[in-house]
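Visitor: Structure below; questions to follow.
The values are calculated or read from the model by the stated rules, or taken from the named source; none is laboratory data. This one's a predicted model, so the numbers in the text were calculated from it and none came from an experiment. Cβ placement follows ideal geometry from the backbone for every residue including glycine, while neighbour counts extend to all protein chains displayed. Keep in mind that these areas ignore ligands, DNA and RNA; they rest on the heavy atoms of the full protein, side chains included. Shrake-Rupley method; radii C 1.70, N 1.55, O 1.52, S 1.80 Å.
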Amino acid sequence: MNKNEGLSAILQSVMRNSANTIKDKYYPHWHLAPVTGLLNDPNGFCFDGEYYHLFYQWNPLSCEHKHKCWGHWRSKDLITWQHQPIALLPNEFYDKDGCYSGSAVFYQGKLTLCYTGNVKFEDGSRTAWQCLAVENQQGGFDKLGPVLGLPEGYSGHVRDPKIWQYNDVWYMVLGAQNLDKQGKVLLYRASHLYQWQLVGELAGSYLGGLADAGYMWECPDLFELDERFILLICPQGIKREQQRFLNSHSSAYLIGDFDYSTLQFQHGDLIELDAGFEFYAPQTTFANGRRLLFGWMGVPDGEEMYQPTIANGWIHQMTCPRELHVKEGKLYQQPVKELQQLRQNPAYWQGIADDAPTINEFSIELELQLFGSLTIHFSDTLSLIIENEQALLKRRSAKNGEWQSRFWSGDIKHLQILCDSSSVEIFFNHGMGVMSSRFFPLEKQIITFSGKDVIKLTTWQLTDALPS
């Protein structure tokens, strides 16, 4: 479709469906979500000195993984967001089958997007272009076209450029699949954004001490944090373990050391980034001395198409914004402190968990100190069971109603739980571990507690904060 046809179709879809979306009982009160259609990966997360910018994969025409555009929000405080003009539409020969994920930087004084243009052919094959677009005076973006085609030796699955600058040199990591269907991360460098040189494979299956680690590595993000280097990746096809990597596709990270003189990355084993049912495609930015992250609270190819929100014309949401740190060789995630501005009506309680009061809403934050075992029930659909130095998160399948399980191991003394209409983000021991999940209770939205041990409980109601 051309640009005018695309905008017309999007406007018509928003006018028809957005009222049903906002009225849906599962629509979030303060998480970012689409006004209609399908949302997935966060893109172009950056800070310009005044505004945070968050772009996102968006199909405004349906709840299918098609017609991928880039939507755009901006905020001064990570809480109050405003809708901006649609940044990218799939209307050129090099991105006709989707403007796929990428990043944003400030180049020559302008906000510049680097994204993957996806092209599919009638015989089932595909190719990909890494493309640029630059912000114009109207707040939209003018496409500059491709700057990088497929590298030799790799399939058409090469995507999701993350770019950054270090000592006047530009660097890019790209998710890739080689011709043997092994997932890799490619490293490029350049003196400017228009001509890139392939350095080689930074990490992936059968590299750096790893064995088979999946057939495609998506959404790479390499950054320095607390004197270590972190590589975030989404390794598709990684082998399921008894208590790890249980989703259809997983998010993980490698921690190690990257040398800008040799361009080599020495790292340890893959570590699961979020142990919940829905977390994928995280992206970070550095702003005001902090490394911040958004993730997509969804997973491709799982049970997403059974979610009940599709009946009201929308699907998926973002996680809360998180601040990252490295402590004792592990990556910690915590909700950004700005979210505390949403808190109101604090309440405190201490006693045996069985005697704890029922909570009759979901837009709420919980903080708990634990002195033993505990079970938290989120209506009839989701339960968190903590005992024997392990957290077990159980949820009814949206497909068949059977109970499914996810796990996090550790001696849990502290919980911070952020709830919204159909989501929960559980932070263990001040961010040592995280479980992010969607859930859709059929009955009344209530939270109850059970157990014979003492808990200290603080709750806050959370005010609404929807984009305008």
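Visitor: Looking only at residues that are assigned to a helix (DSSP H, G or I) and open to solvent by 70 Å² or more (accessible area, probe 1.4 Å) in the stretch 325-353, which one is nearest to R291 (Cα to Cα)? So that I can check it myself, show each step before the final result.
Guide: Within the stretch 325-353, the subset assigned to a helix (DSSP H, G or I) is 337-342, 353.
The next check asks that each one be open to solvent by 70 Å² or more (accessible area, probe 1.4 Å); those that pass are 337, 340-341.
Numbers: K337: 13, Q340: 18, Q341: 20 Å.
Out of the qualifying residues, it is K337.
Visitor: Check V299 against each of (1) over 21 Å from the mean Cα position of the chain (by Cα); (2) assigned to a loop (DSSP other than H, G, I, E, B) and name the one condition it does not meet.
Guide: Failing condition for V299: (1).
Visitor: Filter the stretch 137-163 down to residues that are open to solvent by less than 50 Å² (accessible area, probe 1.4 Å) and at pLDDT below 95 and give me whichever is nearest to Q236 (Cα to Cα).
Guide: Ranking the candidates gives G140 first.
Visitor: List the strands (runs of 3 or more DSSP E) inside the stretch 11-122, counting only whole elements, that have at least 3 residues being crowded, with 18+ Cβ neighbours inside 10 Å. Outline the logic, then answer.
Guide: Working: elements: 37-47, 52-59, 69-75, 81-83, 99-107, 110-120.
Answer list for the stretch 11-122: 37-47, 52-59, 69-75, 99-107, 110-120.
Visitor: What single numbered condition from (1) open to solvent by less than 10 Å² (accessible area, probe 1.4 Å); (2) in a loop (DSSP other than H, G, I, E, B) fails to hold for L293?
Guide: Unmet condition: (2).
Visitor: Moving to a separate point now. Among the listed residues G117, G102, identify the single one that is within 14 Å of K143 (Cβ to Cβ) and within 18 Å of the chain's Cα centre (by Cα).
Guide: Details: G117 fails: within 18 Å of the chain's Cα centre (by Cα).
Exactly one residue qualifies, and that residue is G102.
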